[in-house]
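Participant: Structure provided below as structure tokens; questions to follow.
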Amino acid sequence: MGDHHHGPAKGISRWLFTTNHKDIGTMYLWFSFAMFILGGFFAMVIRAELFQPGMQLVEPAFFNQMTTLHGLVMVFGAIMPSFVGLANWMIPMMIGAPDMALPRMNNWSFWILPPTFLLLASTLFMEGGAPAFGWTFYAPLSTTYAPPSVTFFIFSVHVLGLSSIMGSINIIATVMNMRAPGMTYMKMPLFVWTWLITAFLLVAVMPVLAGAVTMMLMDIHFGTSFFSAAGGGDPVLFQHVFWFFGHPEVYIIILPAFGVVSQIIPAFSRKPLFGYDSMVYATASIAFLSFIVWAHHMYTVGMPVAGELFFMYATMLIAVPTGVKVFNWISTMWRGAMTFETPMLFSLGFLVLFTIGGFTGLMLSIAPSDFQYHDSYFVVAHFHYVMVAGAVFSMTAAVYYWLPKWCGRMYNETMGKTHFWISFVGFNLTFFPQHFVGLAGMPRRIPDYALQFADFNMMSSIGAFIYGASQILFLYNVIATIVAGKPTSEEKVWDGAEGLEWTVPTPAPYHTFETPPKIDPAHAHS
Amino acid sequence: MSNPTSTEYEKYYVPEKSKMAIMATIGLILSIYGAASIMNDMTFGDPNETTSSWSVFLFGLFFFLATLFAWFRQAIKENIAGMNSAQLKKSYVLGMFWFIFSEVMFFFAFFGALFYVRTLVGPWLAGEGEGGRMNGILWEGFEYSWPMMQTPQEAVGGAAAQPIANNGSFTSAETSMDFSEVSHWYQWLPLWNTIILLTSSFTCHVAHMGILDGNKKKFNLWLGITVALGVIFLFVQFYEYYEAYAHFGLTLNSGIYGSTFFMLTGFHGFHVFMGMTMLAIQLMRSLKGHFTADDHFGFEASSWYWHFVDVVWVFLFLFVYIL
């Protein structure tokens, strides 16, 4: 066992063999940023091709590979691991635990990711090209008509699922078992709550995804007929199994983002979070509802009317707990002593833009309207408002918020604010016009389009290049902070911030809370 | 944890550094790369070309299993050395519980597929209900029954006559696994397997009672019986598969009936194999004197897993064989 009061090991073995939640969190965060750049590069290829109508740069088949890999890399490589990294860094510090519950498995959950994404990216150089069937990989595109690289894709998904399941089990065990005495469930910071619920969703649906790709594997190589009507199966069965995973998956992505924003908005409003209890219950309700709404992704496949109605009403119900959340965030700010540092700007950007994405989601939930919107750029605009302005903005806010605590140095505020405004403008320029072209009938996942969509698409592409470039500023700001930022040793970097992570020294020592902290029983949740 | 103050707090053991994660990663990635390559060689490859896929796969798998062995051995050593506090042990309990939950969800996907096909897809393909409009265009003459003894493809005259893209030929079984296919009840293998597995769950519980009393002889005896029942189950299952392929014409190619039958029973059988291996390891550990009346989590975790595969079998027996 040895002495626990030591710093990190020297050299590469620190990272390869580590069991430290902060090291593992750091690796997750850097890895996810690398994937964000890779997925962003694929997006730039897509937008460059769509800059003007007609075939410009790439072959249609390659365009399809780009849309597929962009989605897969962003969802499984960028957004999900980034929040797992944040969970690793913050959950033990927020609940007063010495580390994650199962530290060696924690390291394994991380280390299987990089080679798996290498394998997935290497499909680009395989015979027949990379998977080109969209990130939703509907059969029979992904079975009968798939390139041989689909087999490598299937096994990659299996391993990504394994990583997520192990990571989630670790988070659940940590939250349920490692809270400091006195840290009751209803005193936990909301970020911990949202992650506990997210982890439950992951353990519940990742195996279902594994089941879906296993059925694909068997259909492709072993002659089964799950997704083939000729043998008595049904291609639509794939969509049911996939979306039973896929809909909870989108909440897996957004719930930790809710948690982050619920930490940041109170800090910069200098008021406790409004309606903490209702936030917890709303999160749990959203998680429950996410299991019974999956077929709203498939209104146009020819479901019985009773099914359409059930999934439509169930989907609309989600607006209620989500509305509770938006109401609570706004009420938290009401009459608060607000300041607008970069984390707060990104959180407010999240609040406004996520709400827009929520409203377009409500539009899409109406089955008869969805017949018109389905598979159009309106859908693309909708989910980028929740994925980018929702998850990515809140993740960016989290990095600015906790970076000083992580490295003991302050980032450059002017550069941070500049990053926000360029991102905000670039993002809206990219995706707002896509609502219009989508409503006017431009289909998604097509490398060419009719002439009347030309102007909006050019705006979209310019916006995408601006948003992409602004991430270089982000990277520069983060590296400059780590290397040469203004040192700070204040425990509470932000004067309005609450929570145990602000009671440990800055920068956070390698080991925190080896003996649990005292929790003031009178103190409300943070 | 009964609210200790920080002075009486029992330290949570955080292992310092470990090579296990990296080693396990190398093994896992090599084995999936090898497995995917083997399958692609099989389906898309040139049969005259020899490849190294099998060696990559087997090397990776061996490396992976060896790492897992070393990893578990280390965890056991730490426990014997008294490094695991009560709180840490609870982390292992939670880990096992949620792992089993994830396994439940994996089976849920396949049961869901079975229910969806049986209640909706089958009747639709035969022209019933709101999904039935395509019957007259694509699958004229197809009639639905379960077990599906004639695939839609066969109903229209085979793969060549099929009006949509041909993605394989699906020849349905001559004989199903139904009870009605056997002349005497004792010839029906799934019934025997149900009896064997339910009994093994009971013997596993008796073994548990034994170790709780500190009666190691009783524990070893009943655990040994449980493992033996697991082996018999797998043997019967294997024999049933042999019968299916050799005499029933029931294969993975037999349309959706064969697909769901083999995937559900196959994954269950694989889980029985895993559970039996786990229990066999616990038996060896017990013979080495690892367990005491109040510290035998390795066995408890394996027994939960065993009861879980038992419950899955009950559902299988009900929905795959009986109903």
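The values are calculated or read from the model by the stated rules, or taken from the named source; none is laboratory data. Remember, predicted model here, so these are calculated numbers, not experimental data. Cβ placement follows ideal geometry from the backbone for every residue including glycine, while neighbour counts extend to all protein chains displayed. All accessible areas refer to the heavy atoms of the entire protein, side chains included, with ligands and DNA or RNA removed. Shrake-Rupley method; radii C 1.70, N 1.55, O 1.52, S 1.80 Å.
Participant: State the percent of C-alpha pairs, over all pairs in region B:201-294, separated by a distance greater than 17 angstrom.
Facilitator: The answer is 57 percent, as a whole percent.
Participant: Extension gain B:W192-B:M42, at 0.36 nm per residue separation less the Cα-Cα distance, in nm?
Facilitator: So the extension gain works out to 50.4 nm.
Participant: Over all residues in B:34-43, what is the mean tally of Cβ atoms on other chains that come within 10 Å of each residue's Cβ?
Facilitator: So the per-residue partner count for this stretch is 5.
Participant: Averaging sequence separations of C-alpha pairs under 8 Å and six or more residues apart, then dividing by the length of chain A, give the relative contact order as a whole percent.
Facilitator: Normalised by residue count, the contact order of chain A is 18 percent.
Participant: Would you tell me the accessible area of B:V311, worked out with a 1.4 angstrom probe on the heavy atoms of the protein chains, in Å² to the nearest 10?
Facilitator: 80
Participant: What translational diffusion coefficient, in µm²/s and rounded to a whole number, does the Stokes-Einstein relation yield for chain B at 20 °C and a viscosity of 1.002 mPa s, taking the hydrodynamic radius as the Kirkwood radius over Cα pairs?
Facilitator: Calculated translational D: 92 µm²/s.
Participant: Please give the net charge around A:E308, taking every other residue with its beta carbon less than 13 angstrom from that of A:E308, where Lys and Arg add +1 and Asp and Glu add -1.
Facilitator: -2
Participant: If r is the Cβ-Cβ distance from A:A450 to A:S369 and R0 is 22 Å, what FRET efficiency results, to the nearest 0.05?
Facilitator: 0.50
Participant: Calculate the length of the line joining the C-alpha centroid of region A:425-442 to that of region B:88-144, in whole Å.
Facilitator: Value for the Cα centre distance between the two parts: 37 Å.
Participant: Based on a Kirkwood Rh over C-alpha pairs, give the Stokes-Einstein translational diffusion coefficient of region A:368-461 at 20 °C and viscosity 1.002 mPa s in µm²/s.
Facilitator: 142
Participant: If we sort A:308-315, A:51-58, B:43-50, A:235-242 on the protection proxy, mean other Cβ atoms within 10 Å, highest first, what's the order?
Facilitator: A:235-242, A:308-315, A:51-58, B:43-50
Participant: How far apart, in nm, are two points set 7 Å out from the Cα along the Cα-to-Cβ line at B:Y242 and at A:A337?
Facilitator: 8.2
Participant: If you build the convex hull over the alpha carbons only and average its shadow over all orientations, what do you get for region A:13-502? Give it in nm² to one decimal.
Facilitator: 22.4
Participant: Sort region A:213-259 into rounded, prolate or oblate with this rule: let a ≥ b ≥ c be the square roots of the eigenvalues of the Cα gyration tensor; rounded if a/c is under 1.5, and if a/c is not under 1.5, prolate when a/b is larger than b/c, oblate otherwise.
Facilitator: It is prolate, given that a/c is not under 1.5 and a/b is the larger ratio.
Participant: Please average, across the residues of B:259-269, the number of beta carbons from any other chain that are within 10 Å of each residue's own beta carbon, and give a whole number.
Facilitator: 3
Participant: A:M410's amide H: which non-local residues (gap 5+, or another chain) put their own amide H closer than 5 Å, with H modeled 1.01 Å from N in plane and none for Pro or chain starts?
Facilitator: Sorted by chain and number, the residues that satisfy this are A:K486, A:T488.
Participant: Here's a follow-up. Going by accessible area, probe 1.4 Å, with all protein chains left in place, what is the ranking of B:Y92, A:Y251, B:Y186, largest first?
Facilitator: Result, largest first: B:Y186, B:Y92, A:Y251.
Participant: What shape does region B:30-168 take by its C-alpha gyration tensor, where a ≥ b ≥ c are the square roots of the eigenvalues and a/c under 1.5 counts as rounded, a/b above b/c as prolate, and the rest as oblate?
Facilitator: oblate
Participant: For A:S376, what residues show an amide H to amide H distance below 5 Å, using hydrogens built from the backbone and excluding near sequence neighbours?
Facilitator: Distant-sequence amide H within range of A:S376: A:R444.
Participant: Now for a separate question. Given a Förster distance of 25 Å, report the FRET efficiency between B:T292 and B:E10 from their Cβ-Cβ distance, rounded to the nearest 0.05.
Facilitator: Efficiency for this residue pair is about 0.85.
Participant: Using alpha carbons only, how many angstrom separate the centre of region B:151-170 from the centre of region A:118-164?
Facilitator: Distance between centres, Cα-based: 27 Å.
Participant: Could you give the alpha-carbon Rg of region A:236-338 over 2.2 N^0.38 Å, rounded to two decimals?
Facilitator: Here the answer is 1.30, to two decimals.
Participant: Could you tell me the calculated FRET efficiency between A:I12 and B:T50, based on Cβ-Cβ distance and R0 = 35 angstrom, to the nearest 0.05?
Facilitator: After rounding, the FRET efficiency stands at 0.40.
Participant: Could you work out the pair-distance distribution P(r) of region A:82-204 from its alpha-carbon pairs, with 5 angstrom bin width and percents rounded to whole numbers?
Facilitator: 2, 11, 18, 17, 13, 11, 10, 8, 6, 3, 1, 0
Participant: Would you kindly derive the ³J(HN,Hα) couplings of region B:179-185 from the backbone phi angles with the Karplus curve 6.51 cos²θ - 1.76 cosθ + 1.60 (θ = phi - 60°), listing them in order in whole Hz, with x for Gly and Pro?
Facilitator: Karplus-based 3J(HN,Hα) across region B:179-185 equals 4, 5, 7, 9, 8, 10, 4 Hz.
Participant: Where the eigenvalues come from the Cα gyration tensor of the protein assembly as shown, what are the semi-axes √(5λ) of the equivalent ellipsoid, largest first, in whole Å?
Facilitator: Over the Cα atoms of the protein assembly as shown, the ellipsoid semi-axes are 43, 38, 24 Å.
Participant: I've got another one for you. Just add up the charged neighbours of B:A155: K/R +1, D/E -1, any other residue whose Cβ is under 13 Å from the Cβ of B:A155.
Facilitator: -3
Participant: Ok, one more. For region B:13-158, what's the relative contact order in percent, using C-alpha pairs closer than 8 Å and at least 6 residues apart?
Facilitator: Contact order relative to length: 16 percent.
Participant: Treating the angle as unsigned and between 0 and 90°, give the value, to the nearest 10°, between the Cα long axis of helix B:189-212 and the longest Cα principal axis of chain B.
Facilitator: Orientation of helix B:189-212: about 10 degrees from the principal axis.
Participant: Something else about it: Could you work out, residue by residue across A:103-115, how many beta carbons of other chains sit within 10 Å of that residue's beta carbon, and then give the average as an integer?
Facilitator: Mean number of neighbouring Cβ atoms from other chains: 6.
Participant: What is the extension gain from B:R133 to B:K218, computed as 0.36 nm multiplied by their sequence separation minus the C-alpha to C-alpha distance, in nm to one decimal?
Facilitator: Working it through step by step, the gained length comes to 24.3 nm.
Participant: Here's another thing I want to ask about it. Compute the long axis of helix A:276-289 from its Cα atoms, compare it with the longest principal axis of the Cα atoms of chain A, and write down the angle in degrees, 0 to 90, nearest 10.
Facilitator: Taking the Cα atoms of chain A, the angle to A:276-289 is about 30 degrees.
Participant: Here's a follow-up. Could you tell me how many degrees, from 0 to 90 and to the nearest 10, lie between the Cα long axis of helix A:150-177 and the main elongation axis, the longest principal axis, of the Cα atoms of chain A?
Facilitator: 30
Participant: Where only protein heavy atoms count, and the probe is 1.4 Å, what is the accessible area per residue for region A:13-502 in Å²?
Facilitator: Here the per-residue accessible area is 30 Å².
Participant: Continuing with this model, one more query. Cα gyration tensor of region B:51-125, axes a ≥ b ≥ c as square roots of the eigenvalues: rounded (a/c below 1.5), prolate (a/b > b/c) or oblate?
Facilitator: Verdict is oblate for region B:51-125.
Participant: Same structure again: Which distance in nm do the two modelled labels at A:V305 and B:H307 give, with both placed 7 Å along the Cα-to-Cβ direction?
Facilitator: 4.8
Participant: Calculate the spin-label point distance for A:K417 paired with A:Y510, positioning each point 7 Å from the Cα along the beta-carbon direction, and give it in nanometres.
Facilitator: 3.9
Participant: Taking the Cα centre of chain A as the origin, how large is its charge dipole in debye, to the nearest 20, when only Lys and Arg (+1) and Asp and Glu (-1) carry charge on their Cβ atoms?
Facilitator: So the magnitude is around 920 debye.
Participant: Ignoring ligands, DNA and RNA, how do A:F393, A:F371, A:F456 rank by accessible area with a 1.4 Å probe, largest first?
Facilitator: Order by accessible area, largest first: A:F371, A:F456, A:F393.
Participant: I need to check one value: relative contact order of chain B, counting alpha carbon pairs closer than 8 Å and at least 6 residues apart, in percent.
Facilitator: Over chain B, the number comes to 14 percent.
Participant: Taking the full set of protein chains and a 1.4 angstrom probe, give the accessible area of B:R73 in square angstrom, rounded to the nearest 10.
Facilitator: Its accessible surface works out to 120 Å², give or take rounding.
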